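The values are calculated or read from the model by the stated rules, or taken from the named source; none is laboratory data. Predicted model, so just to flag it, every value in this text is computed and none were measured. Methodologically, a virtual Cβ is constructed for each residue, glycine included, from the backbone with ideal geometry; neighbour enumeration extends over all protein chains shown. Surface areas here come from the heavy atoms of the whole protein model, side chains and all, with no ligands, DNA or RNA. Shrake-Rupley method; radii C 1.70, N 1.55, O 1.52, S 1.80 Å.
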Amino acid sequence: MIESSTTPHAPVKRPATRRLRLFGVAASVVIIVLLVVAARGWSRFRASLPILDGAQPLAGLGAPASLERDALGTVTIRAANRVDVARALGFAHGQDRFFQMDLSRRRAAGELAELFGQAALPLDREARVHGFRALADQVLTRLSKEERALLIAYTEGVNSGRAAQTAAPWEYLVLGLDPVRWRPEDCLLVVYAMTLDLQDETGHYELCLSAVRDTLGDSALAFFGALPGPDDAALDGSSAPLPPPPGPRLINLRKEATITHRDPSEIENQKSKIEDLSAPGSNGFALAGARTTSGAALLANDMHLNLNVPNTWYRARLEWPRFPKTPGAEPMSTLSPDTHYVTGITLPGLPFVIAGSNGHIAWGFTNAYTDNGDLVVLNLNPTAPELMYMRGTEILEFDRRAAQINVKDEDPATVESVWTVWGPIVGKTSRGRPLVHHWIMHDPAAVDLHLRNLETAKTADEAVAVAHRSRLPTQNLVVADRSGAVAWTIAGPLPKRVGLDGRLPVPWTFGDRGWEGFLPAGAVPVVRLAPDGAATLTLDGDTTPLPLSGQLWSANQRMLGGKALERLGDGGYEFVRRAAQLRDDLSALAQRDPNAAASASAETPAPAPATAPKSTPADLLGIQLDDRALWLAPWQQLLRATLTDAAVAQHDKRGELRDLVARWEGRASVESVSYRLVRAWRAHVARRALDPIFAPCLDVYPGFDFHVLPYEQSLRALLAQRPMHLLAPAYASWDDLLLAAADDVLAEFKERGIPLARATWGSRNTASIRHPFSSAMPGFLGRMLDMPADELPGDYGMPRVQRPDFGASNRFVVAPGHEDEGIFHMPAGQSGHPLSPYYRAGHAAWVRGEATPFLPGETQHTLTLTP
């Protein structure tokens, strides 16, 4: 049949149309493949969630154990004995925090580059010098039988918890790697990882002191590094007048031919990060029973650390019988006098509670900043100084160590170090002689697990005895007991020095200077508060009264003077203003009018009433949240005095600065503009005044930083006395310097594009609490991993220490035996898995400072672990 010309024909398939259809088919296939891959990835992602309910076998258990979780993910573990508790806690840590634990052990061992490649090499190089993995092996062999049993049970629990998940932790899915099993020695590496956060592993502080002494003289060190100082808040009330500044015969900047003064924006870029990173520390303070509503002593503790996702700590309540249970017995369901229980924070990687309360005592820590390392000046062998050195009449060869670092997708790297019998070489003196760092943590005897015995201590004195036998990075221990007694002492080893004070480098060549092991318990100072508030200091068997009025505080300051200070040494104590504010806040609690509303923020305490009011956990939480900028108030007054009418007439923006600074809120609140502006001005004043003075120190020690010195008191003295010989010739007067710093502030905010009126502290102090992977993820995924970018009140120099990624890693207030009245906060959440309901649980309360319970809440999930 012949078609009519009007019959429609099939369309012609042009090449372009065919290509479009082929592209559509291919794209559909790709999308389907991607969806399948995504579904499989999502399935694996979800499969790495912790198991919350049902029953799960856990090999090695002596009897069934239970693992309960409340609305915040806080874990309550009930088991038949302490070893089974450790096994169950390991199971929980392994499910919730294995990747975090892996990072901790790798940080200490110098093995992060195996996961992250070249980016992690600098950290690995620093850590490998110390040989912590070999040290951990040695420590493991030194542990008691009971301690090893705990580590083995915990380790088996970690690996069982990890294996019970049908997929590896989600981070390994992203990295494309398999996790490595946990080992008992890895628990000890976690201790060393925390040590790297808390201690000076290179002698940096002593190198800075030495640079000042060697270039500017002893009088400059006495002035800029005064210890004790006039503003100290030591428990024994010790202080000393500030020595006079060095005279013009020692330092005369006016005679210098050339003074190099860096551009303020360059200084801001180089120095602001250093100044803004407060040294790791904490607040720990307590009231004796006579000053509390419960009659038990009341403890507050908030440990200041870098803030990450997940958080450093893991909340837990542990319960086990005081006496052995019969084999096969069911886990405990109710608390009884025959039960041990302890509630607080654990550190993933370790099998016990680090800080908390056991019903008899409550305890917490702050970083002690005792002197845990000394710089040793080497005497080289004159015949072959590059190969040998002297110890007495002995000629010893240098120990040249090399370690290989495996790097992901790259060839291995090598790190080399030169060691002596006293430790590794870390620098040189001003005359070019090698300096060795003799550090307490290079001794395997400096680490053990004896601190676990705080879980069962019943009195403050028992806790002190545990602290003196414990080996850990040295900490201030503050402990409160149920009877109302309080104590402070040092937990961890202190070196027993002979022939030196340890503050500056000296040779140890002839054996008349050095260490003779650790200080014995009786040589470590102890401050006690009796239940009625009477205070005493005990040292070397002698007891002396102290005027503490039933309160005790620790904020990384110098705690004592005299002979006690000689024993503790100087490891770079923290800015004293925070400790003084804690002390004064505690005193103000006793002076409140009992008929008026309690307020820890009152500018002027009321006169002491006839009967001092008793304090509650909420009162101490108020002190933890105190963001008043008392230390900065004199700077605000000085800036206002600097911005005179004549000064304002010379610069059109100075008037706006003066007006904004005049609206002084007096606190580091998120809406405060004046706080941010005054703070920035003070920083510029410090740099303009001190950079020229300390410039020669950089020639001796390139890493020199005056911020590690207690320079606030000396800077204020310079501004009060205004010695011309310590003023750089760039300025005709000190007033010129102060005005130049004010103009620095104007230039800084102009460069940043921030109008002065909108320069609130909150916009500067915005939370940046991030997961390690978030910066490498697309925006929305990164935000899913991180905590919200909340504007946060607080700063250094006040109890509420807070920076975008640094601050209170926990807050708790508790009286032993009254835990149901206690308060607890923790940033981020309990779980490390973004799909877990506990990933952010509790974070908002931490941001807002809301009082939330110390004890776990109602059980939402129960997992039974069976032998």
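Starting from the Cα-Cα distance between R758 and A134, subtract it from 0.36 nm times their residue separation and give me the gain in nm to one decimal.
Length difference between fully extended and current span is 219.3 nm.
Determine how many Å³ per residue the convex hull of the Cα atoms of region 459-504 encloses. Could the numbers behind the result be given before it?
On the way: hull volume 3.9 nm³, N = 46.
In region 459-504, the Cα hull volume divided by residue count equals 85 Å³.
Give the long-range amide H neighbours of F806: residues separated by 5 or more places, or on another chain, with amide H under 5 Å away, using H modelled in the peptide plane at 1.01 Å from N.
Placed amide hydrogens put L307 under 5 Å from F806.
Could you give the distance between the Cα centres of region 753-819 and region 432-488, to the whole Å?
After rounding, the separation between the Cα centres reads 30 Å.
Which of the three applies to region 796-849, rounded, prolate or oblate, going by the alpha-carbon gyration tensor with a ≥ b ≥ c and a/c under 1.5 meaning rounded? If you can, show how the numbers build up before the last one.
Working: a/c = 2.72, a/b = 1.12, b/c = 2.44.
Oblate.
Report the calculated FRET efficiency for E397 and D540 (r = Cβ-Cβ distance, R0 = 41 Å), to the nearest 0.05.
Result of the calculation: an efficiency of 0.50.
Which entries in K145/K458; K145/K563; K408/K496; K255/K653; K458/K563 show an alpha-carbon gap greater than 32 Å?
Table pairs above 32 Å Cα-Cα are K145/K563; K408/K496; K255/K653.
Could you work out how much longer the chain between R513 and A730 gets when fully extended? Use 0.36 nm per residue separation minus the Cα distance between them, nm to one decimal.
On the way: separation 217, 0.36 × 217 = 78.12 nm, distance 4.52 nm.
That pair, R513 and A730, stretches by 73.6 nm at full extension.
Can you tell me the equivalent ellipsoid semi-axes for region 820-867? Use √(5λ) from the Cα gyration tensor, largest first, whole Å.
Taking √(5λ) for each eigenvalue gives 23, 16, 7 Å, largest first.
First check a/c for region 414-494, with a ≥ b ≥ c the square roots of the eigenvalues of its C-alpha gyration tensor; if it is under 1.5, answer rounded, and if not, answer prolate when a/b is larger than b/c or oblate otherwise.
prolate
Compactness ratio of region 63-118: Cα Rg over 2.2 N^0.38 Å, N = residue count?
Expressed relative to 2.2 N^0.38 Å, the Cα Rg reads 1.48.
Compute the Kirkwood hydrodynamic radius of region 633-750, taking the inverse of the mean of 1/r over all pairs of distinct Cα atoms, and give it in Å to one decimal. Working shown, then result.
Details: mean 1/r = 0.0660 Å⁻¹.
Hydrodynamic radius (Kirkwood, Cα pairs) of region 633-750 is 15.2 Å.
Could you tell me the calculated FRET efficiency between L835 and S144, based on Cβ-Cβ distance and R0 = 35 angstrom, to the nearest 0.05?
0.30
Taking only the C-alpha atoms, wrap a convex hull around the chain and report its volume per residue in Å³ as a whole number.
With only Cα atoms used, the chain gives 251 Å³ per residue.
With the Cα gyration tensor of region 81-193 in hand, give its eigenvalues times 5 under a square root as the equivalent ellipsoid semi-axes, listed largest first in whole angstrom.
Working through the eigenvalues yields semi-axes of 24, 20, 8 Å.
Could you check the simple spin-label distance between R469 and R322, using points 7 Å along Cα→Cβ, in nm with one decimal?
Distance between the two pseudo-spin positions: 1.9 nm.
Shape verdict for region 506-584, please, from the Cα gyration tensor: rounded (a/c under 1.5), prolate (a/b greater than b/c) or oblate.
Verdict is oblate for region 506-584.
In Å², and per residue, what accessible area does the chain have when probed at 1.4 Å with the other protein chains present?
Normalised by residue count, the accessible surface of the chain is 40 Å².
So what are region 37-136's ellipsoid semi-axes, whole angstrom, largest first, if each one is the square root of 5 times an eigenvalue of the alpha-carbon gyration tensor?
Three semi-axes, in Å: 32, 22, 11.
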